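Take a look at the structure below.
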Amino acid sequence: MRISTLQLYDAGAARIGDVQSALAKTQQQIATGRKMLSPSDDPVAAARALEVAQSQSINQQYAANRVQVKNTLGQVDGALSSVSDALLGIRDALVSVGNPSLSDNERGFIATELSSRFQALLGLANTRDAQGNYLFSGFQSATVPFVETATGATYQGDAGQQLVQVDSTRRMAVSDTGQNIFQGGGQDVFQTLKDMVTLLQTPVVTPADRAALTAGTATGLADIDKAINAVLTVRASVGTRMQEIDSLDDAGATRDVQYKAILSEIQDLDYTQALTQQSRQQLTLEAAQQSFVKMASLSLFNFLR
Amino acid sequence: MATNILSIGQSALTAAQVGINTTGHNIANASTPGYNRQVVVQSAALAQNFGFGFLGQGTQVSTVQRVYSEHLATQVQNAQSGKTGLDTYYAQIRQINDMMADPTAGVSPALQDFFASVQNLSNNPASVPARQSVLSTAESLAARVQGMDSRLTEIEQGINSQVLSSVSVINTYAQEIATLNDAIGKAQRASGQPPNDLLDKRDQLVLELNKEVKATVVKQGDGDYNVFIGNGQPLVVGTRASPLVAVTSPTNAQRLEVGYRASNGSTVVVGDAGFVGGKLGGLLQFRSETLNAAQNALGRVAIGLASTFNAQHQAGFDLAGVAGGSFFNQAAPVVGASTTNTGTASIGASITSAGQLTTSDYHLSYDGTQYTVTRLSDNTATNYPSLPQTVDGVQISLTGGAPAAGDYFLIRPTAKGAAGFSVALTDPADIAAASAPGAVGNNTNALALAALQTANTLAGGSVTYQGAYGQMVSQIGNKTRELEVTSAAATNLLEQATVTLQSESGVNLDEEATNLLRYQQAYQAAAKVMQIAQDLFNALLTIGR
């Protein structure tokens, strides 16, 4: 076939240009470490990478949510542990009232102890978290849950339970309402304490007085036992939730590793392959350049003297 | 006899000179674009009968002709317009493709950050910093969406100016071809010989024209080129060129369209599909096929997000116990009434269901008795006796006046969706995280807002926000890849066609070097013949001494 000289140069330049741009692309892949430089390199994988990245980001957000839940539940558990200690102290004090040799004066000491226990319990019931929110006032987290009255304490919160998304399908309660803990199940620990203080401050003169004291103490003990039960029940549930968080953490961490693996598979460059390809393209480029120069230098005019 | 020998020698000398001249011309134009090599057509002069037989009278040059194949040239022209069209389309779509290439810069990470902050808010509904962070990430999401949209708008404006320059280049070529038709006709009539270099120039102009738009040449009997483009629109007829005009679209003031002047002086808009191939065809095809779709797809994500997020937000209560307002500003559909409308009707469009929106634009026309709404993505037309009507989540209504027969409107439900997407709230306390008033720790509505991230709310409840955005990325990626392949194939096709044409018509310098030697020797030989004729004549003269 006839070859036009112009075509010879054009084709030579075009081939060298092709190899050069392929080499530049490989270089860019190596420099960024990414197999996919733009969506057109693999459109399906590009959309999939976006999806997986979103799943990964949501999964990481759930992990952050769980840290928050763990902190709050830890605080709740700490407060409740102090509450149950206080209740056990109150119980001991009430048991000691049963000693018939106690004088009115000595019962007065116990009443004073119960009064200060009342304040301690009230303080625990009004515990705040690190952000200054009350732990036990339901959705009314800015409102003091319990305010002391003459006969006990009134609950100012509501029955709301704050839920946190801890996994794609699991919303976990992070708080329990103060009403449920301190005034639920047919007992009101604040009222019981006030009643007990009043009872112990009443002088025992007649046998009827003694009988009233004995009966009142028995009721009080029973109420405190109910209160202890209520607190332990809540603590057990808090403990279970904390355990669940731990297992969700494990599952979340596994998923995170999987997402990372998928993303890496979609996006990351196989360096061995890329570097091999680069040297192959380099070789081709050099060959194309050399052969072009050789061919271009061949001309009949070189021999016409 | 001797004088005859001298004139034979002289004819050979002339022919050799013409040969050297032509060879020199070929060498000089070896790299001139569009040059076809020329060859000398030489024949023996008419012989003379001397009784004893016919005696040759030397040689004569009948013509200098170019080696040219109309068939091959047409193939190259077609391949050229195909390649330039695809290359232009590819260069344009790559801008969008590259814009979406960086996984850290797209809309996706901003969307994820926004919903992460909503989750954080659900953990601390009363916390002002958590609320502020929702507003800040929403602002940055809106900025990202708007930024991407303004880049797309920039590309569209770039297309306007490229269309303008392409039209002006086409008109220049058309005028030059018409002028050359005239010049070639005159030259040919005057000499009866082909004006090779003018012919080359005209063919090269046709090739250059094909880089701008696909043009078909119909050769007239007298050798004039009549050039047609688009749907058989005459661009050059004989010595007259009919220029194209770039005009503002009747229904969209931001857009330039291409048309021509009709015989009655009015401008007829041809429409984007009317031009194929070449730079102009590629630009128009990219604009109607990809750019609008991309901008609408982004707009749909923005409108869908604004609409569904607002609906959930309005179901809640803010820190002060007041019912939630709009969280995002949502853009309204754009209605463009044609500037050619003669009626007084004004048409309104509003979004009634963001989940039903498509990424298409709609054409509304009135024929005097009924309305026709055409979805432009698939040209589905539906007739309605009256308005208002709801089509794909958009309510189209007559807000005033009355239409005249032949009036039409362009309705673009999602075109400004991304540009008009912004955050409506400014006070963090106004975020409605609670499901009931007066409970600062109530996070129920915040949880519901956060859950929207993974809910299938768009495209008739089939995809998430992220999914709809992902679809757009994937579509752009697919189309870019397709163009990468077809444009490479078109380049190959053009290369092959050019190689074939060049192997026929191109200059080969080695061949010309050979010709140079051949004509040089012919010249020397002719000179020798003349010298011998001189010697013979001299011999005759010496007889008389």
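Scanning segment B:205-225 for residues that are modelled with pLDDT under 95 and of a type in the set (Asp, Glu), which turns out surrounded by the fewest Cβ atoms within 10 Å (Cβ to Cβ)? Filtering segment B:205-225 for residues that are modelled with pLDDT under 95 and of a type in the set (Asp, Glu), the one surrounded by the fewest Cβ atoms within 10 Å (Cβ to Cβ) comes out as B:222.
For the residues B:128, B:134, the requirement of being within 14 Å of chain A (Cβ to nearest Cβ), surrounded by fewer than 21 Cβ atoms within 10 Å (Cβ to Cβ) and over 30 Å from residue B:247 (Cβ atoms) singles out B:128.
Return yes when residue B:468 is aliphatic (A, V, I, L, M), surrounded by fewer than 18 Cβ atoms within 10 Å (Cβ to Cβ), more than 20 Å from residue A:4 (Cβ to Cβ) and touching a residue at least 24 places away in the same chain (Cβ under 8 Å) and no when it is not. Criteria not met by residue B:468. Out of B:308, B:239, one residue alone is modelled with pLDDT of 90 or more, out of contact with any strand residue (DSSP E or B) (no Cβ under 9 Å at 6 or more places or on another chain) and polar (S, T, N, Q). It is B:239.
Out of A:29, A:56, which single residue is more than 10 Å from chain B (Cβ to nearest Cβ), touching a residue at least 60 places away in the same chain (Cβ under 8 Å) and assigned to a helix (DSSP H, G or I)?
A:29
Considering the conditions (1) touching a helix residue (DSSP H, G or I) at 6+ places or on another chain (Cβ under 6 Å); (2) β-branched (Val, Ile, Thr); (3) surrounded by fewer than 22 Cβ atoms within 10 Å (Cβ to Cβ), residue B:153 is excluded by exactly one of them, (1). Inside segment A:63-93, residues that are within 9 Å of another protein chain (Cβ to nearest Cβ), surrounded by 20 or more Cβ atoms within 10 Å (Cβ to Cβ) and either touching a Lys or Arg at 6+ places or on another chain (Cβ under 9 Å) or over 15 Å from residue A:242 (Cβ atoms) (or both) make up a count of 1.
Among the criteria (1) surrounded by 16 or more Cβ atoms within 10 Å (Cβ to Cβ); (2) without any contact (Cβ under 8 Å) to a residue 40 or more places away in the chain; (3) more than 14 Å from chain A (Cβ to nearest Cβ), the one residue B:59 does not fulfil is (2). Summed over segment B:170-189, residues that are closer than 10 Å to residue B:243 by Cα and touching a residue at least 40 places away in the same chain (Cβ under 8 Å) total 4. Only one entry in A:132, A:98 is within 14 Å of chain B (Cβ to nearest Cβ) and at pLDDT below 90, namely A:132.
Collect the residues in segment B:404-426 that are hydrophobic (A, V, I, L, M, F, W, C) and more than 33 Å from the chain's Cα centre (by Cα), keeping them in residue-number order.
Of all residues in segment B:404-426, those hydrophobic (A, V, I, L, M, F, W, C) come to B:404-405, B:409-411, B:415, B:418-419, B:421, B:423-425.
The answer is B:404, B:405, B:423, B:424, B:425.
Yes or no: residue B:398 touching a His at 6+ places or on another chain (Cβ under 9 Å), of a type in the set (A, V, I, L, M, F, W, C) and touching a residue at least 12 places away in the same chain (Cβ under 8 Å)? Spelling it out, it is not the case that residue B:398 is touching a His at 6+ places or on another chain (Cβ under 9 Å), of a type in the set (A, V, I, L, M, F, W, C) and touching a residue at least 12 places away in the same chain (Cβ under 8 Å).
Close Cβ contacts (under 6 Å, 6 or more residues apart or on different chains) running from residues in segment B:14-32 that are within 14 Å of chain A (Cβ to nearest Cβ) and assigned to a helix (DSSP H, G or I) to residues that are surrounded by 18 or more Cβ atoms within 10 Å (Cβ to Cβ) and hydrophobic (A, V, I, L, M, F, W, C) comprise B:23/B:516; B:26/B:507.
Can you find a residue in segment B:169-180 that is within 30 Å of residue A:131 (Cα to Cα) and among the acidic types (Asp, Glu)? Within segment B:169-180, none of the residues are within 30 Å of residue A:131 (Cα to Cα) and among the acidic types (Asp, Glu). Among the residues making up segment B:513-535, a single one is farther than 22 Å from residue B:60 by Cβ and surrounded by 15 or more Cβ atoms within 10 Å (Cβ to Cβ): B:513. All of (1) assigned to a helix (DSSP H, G or I); (2) in contact with a helix residue (DSSP H, G or I) (Cβ under 8 Å, 6 or more places away or on another chain); (3) farther than 30 Å from residue B:393 by Cβ hold for residue B:507 with one exception: (1). What do you reckon, is residue A:46 within 30 Å of residue B:125 (Cα to Cα) and more than 24 Å from the chain's Cα centre (by Cα)? For residue A:46, the condition - within 30 Å of residue B:125 (Cα to Cα) and more than 24 Å from the chain's Cα centre (by Cα) - is not met. Here segment A:102-145 is the region considered, the condition is being more than 34 Å from the chain's Cα centre (by Cα) and among the hydroxyl-bearing types (Ser, Thr, Tyr), and the residue that is surrounded by the most Cβ atoms within 10 Å (Cβ to Cβ) is A:115.
Matching residues to (1) surrounded by 13 or more Cβ atoms within 10 Å (Cβ to Cβ); (2) over 24 Å from the mean Cα position of the chain (by Cα); (3) closer than 30 Å to residue A:108 by Cα:
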{"residue": "A:221", "(1), (2), (3)": "yes, yes, yes"}
{"residue": "A:234", "(1), (2), (3)": "yes, no, no"}
{"residue": "A:257", "(1), (2), (3)": "no, no, no"}
{"residue": "A:294", "(1), (2), (3)": "no, yes, no"}
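The values are calculated or read from the model by the stated rules, or taken from the named source; none is laboratory data. This structure is a prediction, so every number in the text was calculated from the model and none was measured. Heads up, the Cβs are rebuilt from the backbone with ideal geometry, glycines too, and the neighbour counts pull from every protein chain shown.
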